[in-house]
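Accompanying notes for the structure given below.
The values are calculated or read from the model by the stated rules, or taken from the named source; none is laboratory data. The model shown is predicted, which means the values in this text are computed figures rather than measured ones. Glycine gets a Cβ as well: all are built from the backbone with ideal geometry, and neighbour counts include every protein chain shown.
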Amino acid sequence: MNSRDRMSVKSKIAPITLKERMTALRNLPAFFKLVWHTSPWLTVINSLLRIARSALPLAILYVGKLIIDQVVLLSTDKSHTSHEYLWELVAIEFGLAILSDVLSRGITLLDTLLGDLFANETSVKIMQHAATLDLDQFEDAIFYDKLERARQQTVGRTILLSQVLSQVQDLITMGFLAAGLMVFNPWLILLLLVAVVPAFLGEAYFNDKSYVLTRGQTSERRELDYLRYLGASDETAKEVKLFDLSGFFIERFKNLSDKFYIDNRKLATSRSVWGSVFAMIGSAGYYAAYVVIIGKAITGSLSIGDLTFLAGSFRQMRSLLEGVLTRFTSVSQGAIYLRDLFEFFEIKPRITQAAHPRPFPNPIREGFVFENVGFRYTHSNQWANRHLNFTLHAGEKLALVGENGAGKTTLVKLLARLYDPTEGRILLDGYDLREYDLAALRMNTGIIFQDYLRFQMTVAQNIAVGNIVEKENRELIISSAEQSLADPLAQRLPGKYDQMLGRRFSQGVELSGGEWQKIALARAYMREAQLLILDEPTAALDARAEYEVFQRFADLTKGKSAVLISHRFSTVRMADRILVLEKGMLLEIGSHETLLQLNGRYAELFHLQAMGYR
């Protein structure tokens, strides 16, 4: 996304209105439903402790009033000589203070435990939901921004949990304190509101600005994280050093981070200045009330204990009200951010299971038929594939040939139903591929892409990902490794099949590109698939290893369908038929000999490559 695009995105993000804040609070019930499912008993205990804690401030203030009145009485009236009641009050206040501290620590502990559990549970739910979504959704930048914002909610919303519970606790406490103030002077409540409301409006305004700024920076912050990864990663270090890219990445990182700093500094400075102004207004309101209370104490309308109680109550009410109003903006903003989480969960896959799926045919009898199949990525005007009409017969080996970007990988993703056609349909044994059980289709398809993952796991685990339900089946893992020529490699490693691969964790061993490819190939042999798809399977192998791999592959795929993508014509000519793609469309199809006689695009590419070996 270029700078003009980013500016247009930011311009669409409008400040949050009060109506939107109130509407966003509707997200809280769903949020607390998630919290409840995380741990019902921790949620209940936390709530009970907060209710108990909310009554203590008023109790402590009132006992304090009684202590001061008792001290004044004992010091002015010599007829009262017993101090027993006074010390009882002191003991009660001491007990309440200890109880308040214990409850506060207990609440903090439960908040931490519940927050950690919620973050873990939400992360699991995001991963579970992400697993149900379509591949092309992950290739869409708009979707990826939603995913990134949803991820951010897993930790940030644990703070929201504490904030909402604290809000309820403080409101209950304020109810107790307000009742005490109204008994003496109801006007103090009105004065309190006048003193605090400006600070609330200021906080609401600046929280809106912060939300707009943060949301507008989502894409750029992803770029910042990506640059941080590129500049300091074991996977990128080789090319960064070789091409001297560190300066380029650092400069781009500094430009973005400096821009974020300037934007944040401007907002933080304005917030600080206006916060000071509003704080002065609040202090003026507090001391106006204080003057009223002192005046009544001087005239004898209030006792010294009453003065202390009211001053303390008003001070705590002011602090709590400021906290509640300020926290309201944070809670409502957090509730708006929750929308990002729930919007992600509302995203539905387009590739879905049929209501009454057909069982996958075993064996495949007729094969796969492409009928005018076309596919176009979301938000793209270009067709990746178009007007594909051909048959992959049962037991046939089909090779795909074409320049980079010709649509070869997209075609095999359609075959494995990682994508559904935008137009046309794919038939399997006469029925639309969408009618078959999706899990069975994937289980009967063994596929290795050229950009396979190099898992920082053990050799056995790296192979077992090809059929993860068999991760404990060591015999199958070894058999798969033998077929892909990875077994000799595993036997040479210090930990053999339990050897950790990669440098990310201690005692890990890094492999060469060809060695990694043998490990990846073993994954294809982990399942009894009826359709095998190999996308550039031997790109990193030497000529001898390539020959051995395909000799074994030919044996393995007897009676099975297979699709090969390769730029090496020594590999391609082993196929029964060859399909030539150009700009996503079928250009030629036939055997190696037939296509050479046709003297078309395939023959041209074949002779061009052959010249390199002469």
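Structure values in brief
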read-out: Within segment 418-449, considering residues that are of a type in the set (Val, Ile, Thr) and touching a Phe, Trp or Tyr at 6+ places or on another chain (Cβ under 8 Å), the one surrounded by the fewest Cβ atoms within 10 Å (Cβ to Cβ); value: Thr422
read-out: Residues satisfying the stated conditions in segment 427-454, i.e. of a type in the set (D, E, K, R) and part of a strand (DSSP E or B); value: Asp432
read-out: Tally, over segment 564-614, of residues that are on the phi > 0 side of the Ramachandran plot and in contact (Cβ under 8 Å) with a residue 12 or more places away in the chain; value: 3
read-out: Every residue from segment 126-143 that is touching a Pro at 6+ places or on another chain (Cβ under 6 Å) and either assigned to a helix (DSSP H, G or I) or at positive phi (or both); value: Thr132
read-out: Selection within segment 512-526 - assigned to a loop (DSSP other than H, G, I, E, B) and either surrounded by fewer than 20 Cβ atoms within 10 Å (Cβ to Cβ) or more than 31 Å from the chain's Cα centre (by Cα) (or both); value: Ser512, Tyr525
read-out: Hey, Asp244 on the phi > 0 side of the Ramachandran plot and either exposed (fewer than 14 other Cβ atoms within 10 Å of the Cβ) or of a type in the set (Lys, Arg) (or both) or not; value: yes
read-out: Selection within segment 30-57 - among the aromatic types (Phe, Trp, Tyr) and surrounded by 13 or more Cβ atoms within 10 Å (Cβ to Cβ); value: Phe31, Phe32
read-out: Selected residue (only one of Ile351, Ile364 is buried (at least 18 other Cβ atoms within 10 Å of the Cβ), aliphatic (A, V, I, L, M), in a loop (DSSP other than H, G, I, E, B) and modelled with pLDDT of 75 or more); value: Ile364
read-out: Among (1) out of contact with any strand residue (DSSP E or B) (no Cβ under 8 Å at 6 or more places or on another chain); (2) part of a helix (DSSP H, G or I), the one test that Glu472 misses; value: (2)
read-out: Residues of segment 434-476 satisfying the condition of being more than 32 Å from the chain's Cα centre (by Cα) and hydrophobic (A, V, I, L, M, F, W, C); value: Leu476
read-out: Residue count for segment 284-307, restricted to those that are of a type in the set (S, T, N, Q) and without any contact (Cβ under 8 Å) to a residue 12 or more places away in the chain; value: 2
read-out: Residue that is nearest to the chain's Cα centre (by Cα) [pool: residues in segment 105-153 that are surrounded by fewer than 18 Cβ atoms within 10 Å (Cβ to Cβ) and among the hydroxyl-bearing types (Ser, Thr, Tyr)]; value: Ser123
read-out: Whichever residue in segment 273-313 is of a type in the set (Ser, Thr, Tyr) and not in a helix (DSSP H, G or I) and, among such residues, is nearest to Pro57 (Cα to Cα); value: Ser303
read-out: Test: residue in segment 350-357 that is over 22 Å from Lys583 (Cβ atoms) and charged (D, E, K, R); value: yes
read-out: Helices (runs of 4 or more DSSP H) contained in segment 10-104 and holding at least 1 residues modelled with pLDDT of 85 or more, within 32 Å of the chain's Cα centre (by Cα) and within 30 Å of Ser210 (Cβ to Cβ); value: 27-38, 40-76
read-out: Selection count, segment 484-508, where residues are over 30 Å from the mean Cα position of the chain (by Cα), free of Cβ contacts under 8 Å to residues at least 24 places away in the same chain and outside any helix (DSSP H, G or I); value: 1
read-out: Verdict on Leu307 being under 40 Å from the mean Cα position of the chain (by Cα) and closer than 20 Å to Ala178 by Cα; value: no
read-out: Any hit, segment 336-345, residues being modelled with pLDDT under 75 and closer than 30 Å to Pro198 by Cα; value: yes
read-out: Arg6 vs. criteria at pLDDT 80 or above and basic (Lys, Arg); value: no
read-out: Residue among Thr594, Thr571 that is in contact with a Pro (Cβ under 9 Å, 6 or more places away or on another chain) and β-branched (Val, Ile, Thr); value: Thr571
read-out: Selection within segment 375-428 - of a type in the set (Asp, Glu) and within 24 Å of Ile448 (Cα to Cα); value: Glu396, Glu403, Asp420
read-out: Counted residues, segment 368-408 - those being surrounded by fewer than 18 Cβ atoms within 10 Å (Cβ to Cβ) and of a type in the set (Val, Ile, Thr); value: 2
read-out: Condition check for Arg601: farther than 16 Å from Val412 by Cα, at pLDDT 85 or above and surrounded by 16 or more Cβ atoms within 10 Å (Cβ to Cβ); value: yes
read-out: Enumeration of residues in segment 576-599 that are assigned to a loop (DSSP other than H, G, I, E, B) and over 19 Å from Asn389 (Cα atoms); value: Asn599
read-out: Condition met for Val469 (surrounded by fewer than 17 Cβ atoms within 10 Å (Cβ to Cβ) and either closer than 30 Å to Tyr419 by Cα or in contact with a Phe, Trp or Tyr (Cβ under 9 Å, 6 or more places away or on another chain) (or both)); value: yes
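Residues are listed down the side, and each one gets a yes or a no for (1) in a strand (DSSP E or B); (2) closer than 17 Å to Asp134 by Cα; (3) free of Cβ contacts under 8 Å to residues at least 40 places away in the same chain:
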site	(1), (2), (3)
Phe390	yes, no, no
Ala399	yes, no, no
Glu403	no, no, no
Leu414	no, yes, no
Asp420	no, yes, no
Arg425	yes, no, no
Gln456	no, no, no
